[in-house]
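The values are calculated or read from the model by the stated rules, or taken from the named source; none is laboratory data. Please read these numbers as outputs of a predicted model, since none were measured by experiment. All Cβ positions, glycine included, derive from the backbone under ideal geometry; neighbour counts span all protein chains shown. We work out accessible area using only protein heavy atoms, side chains counted, and drop any ligands, DNA or RNA first. Shrake-Rupley method; radii C 1.70, N 1.55, O 1.52, S 1.80 Å.
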Protein chains: 2
Amino acid sequence: MSGDVSEEPKPRRRQARGERRIAQLLQAAARVFCAYGYTATSTNAIAREASVSPGTLYQYFPNKEAIAIELGERLLHEMREAHGQAFTPENLALPLPELLDVVVDPMIAFNCEHPVFLALMHGSEVPGRIAEEHDALHASLLASVQEVIGHYAPALSAAERARIAGMVFAIFKGGLGLVLAAPEGAERDATIAELKTVLLRYLSPLVETPATTPATTTPVTTTPVTTTPTR
Amino acid sequence: MSGDVSEEPKPRRRQARGERRIAQLLQAAARVFCAYGYTATSTNAIAREASVSPGTLYQYFPNKEAIAIELGERLLHEMREAHGQAFTPENLALPLPELLDVVVDPMIAFNCEHPVFLALMHGSEVPGRIAEEHDALHASLLASVQEVIGHYAPALSAAERARIAGMVFAIFKGGLGLVLAAPEGAERDATIAELKTVLLRYLSPLVETPATTPATTTPVTTTPVTTTPTR
DNA sequence: GAGAAACGCGAGCGATCACTCGTGTTTGCC
DNA sequence: GGCAAACACGAGTGATCGCTCGCGTTTCTC
């Protein structure tokens, strides 16, 4: 022991080819996970999807779980990078409908681009490590939602805030499933609009209209979604 | 062929002991499915949970899928029997908050008593047959919700009605998960109340208050849940 | 160009799974 | 009591899974 000069336990040198293979394998894994779920997906199937031998797969990943973990971490990183926390201070000053746009739209867009994200984070079939990441992300987002709610309705007790935040999250998750199930185009846009309507109607009674903004709160538009908008 | 006097292809005589074993095996399967999910559950694990040998299990079920199917069918039957469709004509005359109670409460109660129902109907990991049953139930419930919405808001187009019904269903599903995750007691009751609040606020703007009922619609109570009620 | 190391392969290993079978026990019927 | 059928058992079977290993190929470094 103690003879470790470098802080890296695995200073494995990667060639450009290797990095390419890793990306290729993760893409293939995302496709197969998305189609059959984590447990029902065999490592040989991933290798086949990537047009690679099983041995090659195991040169880059120590086991099946590591594939899902790496995939999850890259998605998480990309998500944070693409639109940060979306709960920036200036967004907190926005009226509710605009805040919903700012928070919901990028989240929906991300999940539409990476459907495997939901598949990995959603299943109770995934092994421990992924579930931990999921719980951490869940808690982080929940805390952000709680903070926003506390800002909009400071009179609420902590328990109420937590309950409302959890409900908002559950509604979003359910709506996200609907959105992903809807065919792309007008129908999907309408579903997104409907999800925002749900959240708006749920949260509107909570904001106490502190008279600082005279007439910004639109009086609950009666579902303006009917004709196909913008393409 | 053609020598079949009875209409039953399998006129297997069951003794009382056999029926007991079947119930015992289904109970064990429900527990294990609920804990580990369908795919991750081995038939040997079910047999072990039921304190029975694998051979005995296969005397009553031809394969693993049949266990889940029989379990799902019994749950479906019990659900329909316990509270019918809950969408009876007299319930349609109820104001929205009461209708929500009548429809949501028994649904929640059933899923609390049989958590395996969600586990079976929810997973994308279940094999074809269960998914078909799930889709059928989903469509049936969706049609009922659409009918109710059409009754309360006849001015809506078919597409809007379908979208709203789907959203209501998604909200309920998400809220149901929250309710099951909450500890039994006051917290769970509060979560149920919150779920009803969501649905009420979402659907209230749709009813056109046709002046037949003067002042029945309560003006959106501002979350009356704070102190622990009843117990 | 030569050596080393990363890359790539696919047959195959041990473990586990869904499921079977031969045998012994219990139960219903006469 | 005797017989047939339902019940119960658990070691075992073939298939599949996650994963390994030995060896050949490509790429980097000098």
Rounded, prolate or oblate for region B:15-61? Axes are the square roots of the Cα gyration tensor eigenvalues, ordered a ≥ b ≥ c, and the cut-off for rounded is a/c under 1.5. prolate
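Can you pull the mean other chain C-beta count within 10 Å for peptide B:190-203?
4
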Could you compute how much accessible surface B:Leu75 exposes when probed at 1.4 Å, giving the result in Å² to the nearest 10? 10
Global form of region A:72-190, assessed from the alpha-carbon gyration tensor, a/c cut-off 1.5: oblate
Determine ³J(HN,Hα), in whole Hz, for all residues of region A:47-63 in sequence, where each value follows from phi through the Karplus function 6.51 cos²θ - 1.76 cosθ + 1.60 and θ = phi - 60°; x replaces Gly and Pro. 4, 5, 4, 8, 6, 9, 7, x, x, 4, 3, 7, 7, 10, 9, x, 6
What gaps in nm, shortest first, separate B:Arg12 from its twins in the other copies when you place the label 7 Å past Cα toward the beta carbon? 5.0
Cut-off 12 Å (backbone N to label point 7 Å along Cα→Cβ of A:Leu142), residues of region B:146-183: B:178-179, B:181-183
Solvent-accessible area of B:Asp105 with every protein chain in place, 1.4 Å probe, in Å² to the nearest 10: 60
Normalised by the residues of region B:64-206, what does the relative contact order come to in percent, with Cα pairs under 8 Å and at least six apart? 26
In nm, what is the difference between 0.36 nm times the number of residues separating B:Arg129 and B:Glu81 and their Cα-Cα distance? 15.1 nm
Placing +1 at every Lys and Arg Cβ and -1 at every Asp and Glu Cβ, with all other atoms neutral, what dipole size does region A:68-206 have around its Cα centre, in debye to the nearest 20? 460
Put a dot 7 Å past each Cα toward the Cβ at A:Ala193 and A:Thr43; how far apart are the dots in nm? 4.9
Label geometry 7 Å along the beta-carbon vector: B:Ala66 inter-copy distances in nm: 4.2
Could you do me a favour and compute the accessible area per residue for region A:68-206, 1.4 Å probe, result in Å²? 42
In terms of the charge dipole of region A:88-168, which places +1 on Lys and Arg and -1 on Asp and Glu at the beta carbon, the residue among A:Pro154, A:Leu100, A:Pro89 farthest towards the positive end is A:Pro154
Report, in debye and to the nearest 20, how large the dipole of region B:1-127 comes out about its Cα centre when Lys and Arg carry +1 and Asp and Glu carry -1 on their Cβ. 880
